[in-house]
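Here the structure is laid out as structure tokens; the discussion comes afterwards.
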Amino acid sequence: QVQLVESGGGLVQAGGSLRLSCAASGRASSSYAMGWFRQAAGKEREFVGGISRSGGSTYYADSMKGRFTISRDSAKITVYLQMNSLKPEDTAVYYCAASSSTWYRPSDYDFWGQGTQVTVSS
């Protein structure tokens, strides 16, 4: 089982940038595909995107392409979500997740972090 801890959330003005981090620990934590989800107040959880175990492949939901970038460090245990040109509608709790299967199928994610709040002011 893998444990996930997100960090880096906060308050940012519209147009600004923020980088979220997710540290994975536990057995074989580097062997999981990793992804990010977000959930705005009163809305369903939304898949942002994912990255393969090797870090060589990424997938983004259509609405996230171009502004969001997912990467992972060489040790494969920290995953990042770089968010640029942020908009008020990006305000949400952002969750890191791990998958023992694919990185592009939201239903494959088995393990979740506690979430970190991102608030974008207009």
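Selection within the stretch 24-33: residues that are out of contact with any Asp or Glu (no Cβ under 8 Å at 6 or more places or on another chain) and assigned to a strand (DSSP E or B). The member of this set that is least open to solvent (accessible area, probe 1.4 Å) is A24.
Which residues, taken from the stretch 52-64, are part of a strand (DSSP E or B) and in contact with a Phe, Trp or Tyr (Cβ under 7 Å, 6 or more places away or on another chain)? Within the stretch 52-64, Y59, Y60 qualify.
The set of residues in the stretch 24-44 being within 11 Å of the chain's Cα centre (by Cα) and farther than 23 Å from E89 by Cβ consists of M34 alone.
Scanning the stretch 34-78 for residues that are open to solvent by 70 Å² or more (accessible area, probe 1.4 Å) and on the phi > 0 side of the Ramachandran plot returns G42, G66. Residues that are surrounded by fewer than 18 Cβ atoms within 10 Å (Cβ to Cβ) and touching a residue at least 12 places away in the same chain (Cβ under 8 Å) within the stretch 94-105 comprise S100, S101, T102, listed in sequence order. A single member of Y32, Y94 is within 24 Å of V120 (Cβ to Cβ) and out of contact with any Pro (no Cβ under 8 Å at 6 or more places or on another chain), and it is Y94. Restricting to the stretch 106-122, name every residue that is of a type in the set (F, W, Y), surrounded by fewer than 21 Cβ atoms within 10 Å (Cβ to Cβ) and over 21 Å from G42 (Cβ atoms). Correct list: F111 only. Set side by side, the residues A24, A40, A14 differ, and just one is of a type in the set (A, V, I, L, M, F, W, C) and at pLDDT below 95, which is A24.
The values are calculated or read from the model by the stated rules, or taken from the named source; none is laboratory data. What you see is a predicted model, and the numbers here were worked out from it, not measured in a lab. FYI the Cβ positions are ideal-geometry reconstructions off the backbone, even for glycines, and counts take in every protein chain you see. For the accessible areas, the whole protein counts, side chains as well, though only heavy atoms, and no ligand, DNA or RNA atoms are used. Shrake-Rupley method; radii C 1.70, N 1.55, O 1.52, S 1.80 Å.
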